[in-house]
Amino acid sequence: NYVSDGSTLRSNIEGVETKDSFVVTMWNCTSASNGYRPCRSPAFMVRKGDWKLIVSGQTDNKNVDMLFNLKEDPAEINNLIGKNGNMVPDTTISKAEHLKATLVKYLQDSDHPAAGAVQDRQTWRETAFWADSSLKFRDTLADGTRIE
């Protein structure tokens, strides 16, 4: 019997969420400037519920991070943090921070070398607290704090 180190995506595909379900994807970017060879750092996507965050795996990468509400924007046209990450509402930043914390915790648990770079990357304005109590967070933050 084969034992997988992953987990099933069936609930996500069927649209049935479990309490702590999220999906992480990693890929190496390519560009014409380097002959379409993989870049030295990967990019990551974390999806939880209707939300999707895409970030670079490199702290100083100039690529714009992306946050989408897939329920309202299934074609991923409206990047909610984009180039104006300093001017978006606290609730949007809170969602981006939550997804980033979920991704960082996953990368740390996987001993991925990009965990620190993703954690240190900051392309949107920082907030000192979760701004909207109606948002439901049920994950472990990067510092190990469990929030319900």
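What single numbered condition from (1) over 13 Å from the mean Cα position of the chain (by Cα); (2) not in a loop (DSSP other than H, G, I, E, B) fails to hold for residue 112?
All conditions are met except number (2).
Kindly indicate whether residue 86 is within 28 Å of residue 125 (Cα to Cα), surrounded by fewer than 14 Cβ atoms within 10 Å (Cβ to Cβ), at pLDDT 70 or above and under 16 Å from the mean Cα position of the chain (by Cα).
In short, no.
From (1) outside any strand (DSSP E or B); (2) surrounded by 17 or more Cβ atoms within 10 Å (Cβ to Cβ), pick out the condition that doesn't hold for residue 67.
Among (1) outside any strand (DSSP E or B); (2) surrounded by 17 or more Cβ atoms within 10 Å (Cβ to Cβ), the lone unmet condition for residue 67 is (1).
For residue 130, indicate whether it is at pLDDT 75 or above, out of contact with any strand residue (DSSP E or B) (no Cβ under 7 Å at 6 or more places or on another chain) and aromatic (Phe, Trp, Tyr). Walk me through how you get there before you give the answer.
Values: at pLDDT 75 or above: no; out of contact with any strand residue (DSSP E or B) (no Cβ under 7 Å at 6 or more places or on another chain): yes; aromatic (Phe, Trp, Tyr): yes.
Here the answer is no, as residue 130 does not meet what is asked.
Tell me, which residue of region 100-120 that is at pLDDT 90 or above and touching an Asp or Glu at 6+ places or on another chain (Cβ under 9 Å) is nearest to residue 55 (Cα to Cα)?
100
Within region 68-111, how many residues turn out to be free of Cβ contacts under 8 Å to residues at least 24 places away in the same chain and basic (Lys, Arg)?
Qualifying residue count, region 68-111: 2.
The values are calculated or read from the model by the stated rules, or taken from the named source; none is laboratory data. No experiment lies behind these values; they were computed from the predicted model shown. Ideal geometry is used to build each Cβ from the backbone, glycine not excepted, and the neighbour counts take in all protein chains shown.
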